[in-house]
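Comments concern the structure below.
The values are calculated or read from the model by the stated rules, or taken from the named source; none is laboratory data. All values derive from a computational prediction rather than experimental measurement. Backbone-built Cβ (ideal geometry, glycine too); neighbour counts: all protein chains shown. Side chains included, ligands, DNA and RNA excluded: accessible areas come from the protein's heavy atoms. Shrake-Rupley method; radii C 1.70, N 1.55, O 1.52, S 1.80 Å.
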Amino acid sequence: MGEATKASTAPSLHRCGRIHAPVRVGERVRRMPWRSIDVHCHVFVPAVESLVAGHSQKIAEAAAGAEAMGAEAGRVNAAMMSSLLPRLTDIETRRADMDAMGVDIQAVSPSPTQYYSWADPDLAELIADRQNEAIASLCAADPTRFVGLGAVSLQHPERAARQLETLVRERGFKGVEISSRANDIDIADRRFDPFWAKADELAAVVFIHPWGTTLGTRLASQYLMNTIGQPLETTVCLSKLIFEGTLDRHPGLKIIAAHGGGYLPLYTGRSDHARAARPDVNGCECRPSDYLKRIWFDSVVYDPDSLRRLIEAVGIGKVVLGTDYPFDMGHYDPASLLAGLDEKSRRMILGGTAAALLNLAPAERPRAGG
């Protein structure tokens, strides 16, 4: 093979832009001089794993998840666990990481890997209790830095409604985290109306964070299960909540969508067209795009240009800071993400909007170290 031919088959690095390594959790970054509130950060509860160990549904779910994720992604995840576990379970490690990224308050929620929505009523109650006990303990240990978004047994909607009321009215939680489906049923299904009605009544925050994808092994390479699969699940979930009337029946809902709402905010024109063009698309009262102004979206979109497009689609008052702590798909440099926005917008996204959403007292003064 001649030299010219060899050169033509070599990687053409000039065809690509510069690839910047992301800021990793725990790395120290520039702080901003306003209080910051992170709505997307997780807690893992080892006691839950003891409850589900050996259950046939747990074994089957784990096998299906491993197949959908792919063997290589599974190996990478297993290698990461030694560094992830202290961040998911230890308050001092968590506080140090918050200080490094300039986060003052976390709204902590369960790890999505621990939904276990196949559980029967009694087991589901125990799972939710263990998760909520862990979150409550974390918040009690430092109430100036942590507030709780708890767990409910959503696959049992009446029970979930009672659990939500107890969490909010008696235990001081700000709301709950749920997945896009419960026991393989979309959460827009009418059987979940008791839960949605209670969330509306209580003005409780509902953080929607999917785990996995219904596309199965089609995404079992290059970590596509998470990279595109989870945002797609959020897109489908929000679309169903809109098109099937959940947001019309419960107009006071305070929903936060993970991962910037997936792909929905940037492509609602097609949804609006479908509602106008087809007689069978008749489940919502307004244009689908109108509902974006009634949902909040976290900032896990990774770059300033994507964040600006999200703001243009949903409005500055509907975007809140999220990091996805402590997972490797998180974004841990809020200052760089908000670069280019005016001061008012940065303050709103960093913590002002979340403070109102979570019913927290306004910050008294700019913080030091900006």
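Any chance region 322-329 includes a residue that's modelled with pLDDT of 95 or more, surrounded by 15 or more Cβ atoms within 10 Å (Cβ to Cβ) and in a helix (DSSP H, G or I)? Checked against the condition, which is being modelled with pLDDT of 95 or more, surrounded by 15 or more Cβ atoms within 10 Å (Cβ to Cβ) and in a helix (DSSP H, G or I), region 322-329 yields no hits at all.
Here is a yes/no grid of residues against (1) at pLDDT 95 or above; (2) of a type in the set (D, E, K, R):
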site: G172; (1), (2): yes, no
site: E177; (1), (2): yes, yes
site: R181; (1), (2): yes, yes
site: A188; (1), (2): yes, no
site: F192; (1), (2): yes, no
site: T217; (1), (2): no, no
site: A220; (1), (2): no, no
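Restricting attention to region 349-366, the residues being of a type in the set (A, V, I, L, M) and more than 19 Å from the chain's Cα centre (by Cα) number 3.
Mind checking whether some residue in region 312-321 is part of a loop (DSSP other than H, G, I, E, B), open to solvent by 30 Å² or more (accessible area, probe 1.4 Å), touching a Lys or Arg at 6+ places or on another chain (Cβ under 9 Å) and not aromatic (F, W, Y)?
Scanning region 312-321, I find no residue that is part of a loop (DSSP other than H, G, I, E, B), open to solvent by 30 Å² or more (accessible area, probe 1.4 Å), touching a Lys or Arg at 6+ places or on another chain (Cβ under 9 Å) and not aromatic (F, W, Y), so the answer is no.
Taking the condition of being open to solvent by 20 Å² or more (accessible area, probe 1.4 Å) and either part of a strand (DSSP E or B) or free of Cβ contacts under 8 Å to residues at least 60 places away in the same chain (or both), how many residues in region 164-183 meet it? Walk me through how you get there before you give the answer.
Initially, region 164-183 is screened for residues open to solvent by 20 Å² or more (accessible area, probe 1.4 Å), giving 165-166, 168-172, 174, 181, 183.
This time we only want the ones that are either part of a strand (DSSP E or B) or free of Cβ contacts under 8 Å to residues at least 60 places away in the same chain (or both), so: 165-166, 168-172, 181.
Count: 8.
Quick one: is Q106 touching a residue at least 60 places away in the same chain (Cβ under 8 Å) and in contact with a Cys (Cβ under 7 Å, 6 or more places away or on another chain)? Please lay out each step first, then the result.
Working: touching a residue at least 60 places away in the same chain (Cβ under 8 Å): yes; in contact with a Cys (Cβ under 7 Å, 6 or more places away or on another chain): yes.
Considered against the rule, which asks whether it is touching a residue at least 60 places away in the same chain (Cβ under 8 Å) and in contact with a Cys (Cβ under 7 Å, 6 or more places away or on another chain), Q106 comes out as yes.
Of the listed requirements (1) open to solvent by less than 10 Å² (accessible area, probe 1.4 Å); (2) in contact (Cβ under 8 Å) with a residue 40 or more places away in the chain; (3) in a helix (DSSP H, G or I); (4) not aromatic (F, W, Y), N226 misses just one: (1). Name the single residue that is farthest from W196 (Cα to Cα) among those in region 230-262 being touching a residue at least 60 places away in the same chain (Cβ under 8 Å) and either of a type in the set (A, V, I, L, M, F, W, C) or open to solvent by less than 10 Å² (accessible area, probe 1.4 Å) (or both). This residue is A258. Taking the criterion of being touching a residue at least 24 places away in the same chain (Cβ under 8 Å), farther than 19 Å from P112 by Cα and open to solvent by 50 Å² or more (accessible area, probe 1.4 Å), the only residue of region 125-143 that qualifies is A141.
Going by the structure shown, is D298 buried (at least 16 other Cβ atoms within 10 Å of the Cβ), among the acidic types (D, E) and closer than 29 Å to L164 by Cβ? Yes.
Tell me yes or no: at least one residue of region 269-286 is in a helix (DSSP H, G or I), open to solvent by 30 Å² or more (accessible area, probe 1.4 Å), within 12 Å of I208 (Cβ to Cβ) and out of contact with any Gly (no Cβ under 6 Å at 6 or more places or on another chain). Scanning region 269-286, I find no residue that is in a helix (DSSP H, G or I), open to solvent by 30 Å² or more (accessible area, probe 1.4 Å), within 12 Å of I208 (Cβ to Cβ) and out of contact with any Gly (no Cβ under 6 Å at 6 or more places or on another chain), so the answer is no.
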